[in-house]
1. Which count do you get for residues in the stretch 187-209 that are assigned to a strand (DSSP E or B), among the aromatic types (Phe, Trp, Tyr) and within 16 Å of ligand 5 (Cβ to nearest atom)?
2. Could you tell me whether any residue of the stretch 206-222 is surrounded by fewer than 18 Cβ atoms within 10 Å (Cβ to Cβ), out of contact with any Leu (no Cβ under 8 Å at 6 or more places or on another chain), β-branched (Val, Ile, Thr) and free of Cβ contacts under 8 Å to residues at least 40 places away in the same chain?
3. Suppose we filter the stretch 267-317 for residues that are of a type in the set (D, E, K, R) and outside any helix (DSSP H, G or I); how many remain?
4. Restricting the stretch 45-75 to residues that are hydrophobic (A, V, I, L, M, F, W, C), touching a residue at least 24 places away in the same chain (Cβ under 8 Å) and in a helix (DSSP H, G or I), which is surrounded by the most Cβ atoms within 10 Å (Cβ to Cβ)?
5. Only one of GLN173, GLN184, GLN109 is of a type outside the set (Ser, Thr, Tyr) and assigned to a loop (DSSP other than H, G, I, E, B); which?
6. Would the stretch 197-204 turn up any residue that is modelled with pLDDT of 95 or more, surrounded by fewer than 18 Cβ atoms within 10 Å (Cβ to Cβ) and basic (Lys, Arg)?
7. Which one is nearest to ligand 1 (Cβ to nearest atom) among residues in the stretch 241-255 that are touching a residue at least 60 places away in the same chain (Cβ under 8 Å) and surrounded by 15 or more Cβ atoms within 10 Å (Cβ to Cβ)?
8. Name the residue that is nearest to ligand 4 (Cβ to nearest atom), counting only residues in the stretch 198-224 that are within 14 Å of VAL243 (Cα to Cα) and of a type outside the set (Lys, Arg).
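The values are calculated or read from the model by the stated rules, or taken from the named source; none is laboratory data. Because the structure is predicted, anything quoted here is derived from the model rather than measured. With ideal geometry, Cβ positions are generated from the backbone for all residues, glycine too; neighbour counts draw on all protein chains shown.
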Amino acid sequence: IINELETQHREPVASRTGNCVSMKHCRVLLIEDDPMDASIIQRSFQKQDKANISVDHVSNMGSAIDQLQANSYDVALVDINLPDARGAESFEQLRALDSCLPIIVLTGQDDDELAIHAIQCGAQDYVAKGHFTTASLIRVIRFAIERQRMVLGYLAEADNDPLTGLSNRRNLQRRYSRFLADTQTMGQALFVALIDLDRFKEINDTYGHCVGDVVLQRSARVLVETASDSSSIVRFGGEEFSVMMVGDSLAEAREQIQTILKRLEEMTMQIGDYEIRVTASAGLVQAGSTENWEDVFSRCDEMLYRAKASGRNRVEA
Ligand code: GH3
Ligand code: MG
Ligand code: MG
Ligand code: MG
Ligand code: MG
């Protein structure tokens, strides 16, 4: 049965930065206000045709932001002192615009502390101006891109539930805040549901844990296929899933959850020699416009408890 564990759907991770790693063309955005420093860096790349690096140069943060909005880059080389941004600030502005872009900080000789601060905030490396060779600069760029690709991979991995391929609850709070903000700009409401498989322990006890795992995978798939595209589904815990949905009315949200429960109920899962059927119960609430996520999920859990207590295979809202 273990071989039955189905392969999961994983979102591709940061393929955008894959280019440079294979020494293909690499696009660098150089943000440097000192014309001399900028031209030294640009010339060192020109000497290295083989490295296949192209550089766009801008001399302030405003232009850098324009460039980043219009083009795609593999890496940014950013001077730590710009006329319109200084120190960690410049770094943070770039991060806010593109959370994936690898950033290398260019420092003067006495800026080590600032540079280290930038690294702590997520920059990949720093280069002291006047203290690099062309070869070392290219190496720093390649390494920064590769390191960032790995970091993004680890981050995606950390948010992923390996059994179902769904997100786990690690970033639920952030996700919830983003959803809540979105619903407010759209003038809609946020609905949160907790869906818990009924008497799941019996499935494990009767068919074994491995079969239970496959039931969880297939149930997760039903949720993904049935919930609306804009909803966010998370494996909240063992046999419990959360669904966040944007909508106009509780009745509409309730109907969506009811449809999910109905599809689960109607499905027969063929797993090995077994034919297994499951049902689930759900609690559903509308999030208050300023309500924190713990309170919402705790209200939701109360509703779920009621659904269980009043006979299971139903939604309480
Ligand atoms: P209820 O209808 O009240 O929800 O009953 P239940 O049996 O579903 O609830 P209970 O909390 O008693 O049991 C949940 C079970 O889910 C117990 C646990 O072993 C099982 N479980 C949790 N995570 C996994 C998992 O990843 N794989 C498998 N196979 N079982 C899991
Ligand atoms: Mg200088
Ligand atoms: Mg400067
Ligand atoms: Mg259960
Ligand atoms: Mg449970």
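1. Filtering the stretch 187-209 down to residues assigned to a strand (DSSP E or B) leaves 189-197.
Within this subset, residues satisfying the condition of being among the aromatic types (Phe, Trp, Tyr) are 191.
Right, trim to within 16 Å of ligand 5 (Cβ to nearest atom) and you get none.
Result for the stretch 187-209: 0.
2. Looking through the stretch 206-222, at least one residue is surrounded by fewer than 18 Cβ atoms within 10 Å (Cβ to Cβ), out of contact with any Leu (no Cβ under 8 Å at 6 or more places or on another chain), β-branched (Val, Ile, Thr) and free of Cβ contacts under 8 Å to residues at least 40 places away in the same chain.
3. Taking the stretch 267-317 as the starting set, the residues that turn out to be of a type in the set (D, E, K, R) are 273, 275, 277, 291, 294-295, 299, 301-302, 306, 308, 312, 314, 316.
In the following step, the residues that additionally are outside any helix (DSSP H, G or I) were identified as 273, 275, 277, 291, 312, 314, 316.
The total comes to 7.
4. Initial filter on the stretch 45-75 (hydrophobic (A, V, I, L, M, F, W, C)): 45, 51, 53, 55, 58, 61, 64-65, 68, 70, 75.
Then drop every residue that is not touching a residue at least 24 places away in the same chain (Cβ under 8 Å), which leaves 45, 51, 53, 55, 58, 61, 64-65, 68, 75.
When the remaining residues are screened for being in a helix (DSSP H, G or I), the result is 45, 51, 61, 64-65, 68.
Details: PHE45: 20, ALA51: 19, MET61: 22, ALA64: 27, ILE65: 19, LEU68: 20.
Among residues in the stretch 45-75 that are hydrophobic (A, V, I, L, M, F, W, C), touching a residue at least 24 places away in the same chain (Cβ under 8 Å) and in a helix (DSSP H, G or I), the one surrounded by the most Cβ atoms within 10 Å (Cβ to Cβ) is ALA64.
5. Values: GLN173 fails: assigned to a loop (DSSP other than H, G, I, E, B); GLN184 fails: assigned to a loop (DSSP other than H, G, I, E, B).
Of the residues listed, the single one that is of a type outside the set (Ser, Thr, Tyr) and assigned to a loop (DSSP other than H, G, I, E, B) is GLN109.
6. Yes, there is a match, as at least one residue in the stretch 197-204 is modelled with pLDDT of 95 or more, surrounded by fewer than 18 Cβ atoms within 10 Å (Cβ to Cβ) and basic (Lys, Arg).
7. PHE241
8. Taking the stretch 198-224 and keeping what is within 14 Å of VAL243 (Cα to Cα), we get 219-224.
The next check asks that each one be of a type outside the set (Lys, Arg); those that pass are 219-220, 222-224.
Working: SER219: 11, ALA220: 14, VAL222: 15, LEU223: 14, VAL224: 19 Å.
Among those residues, the one meeting the criterion is SER219.
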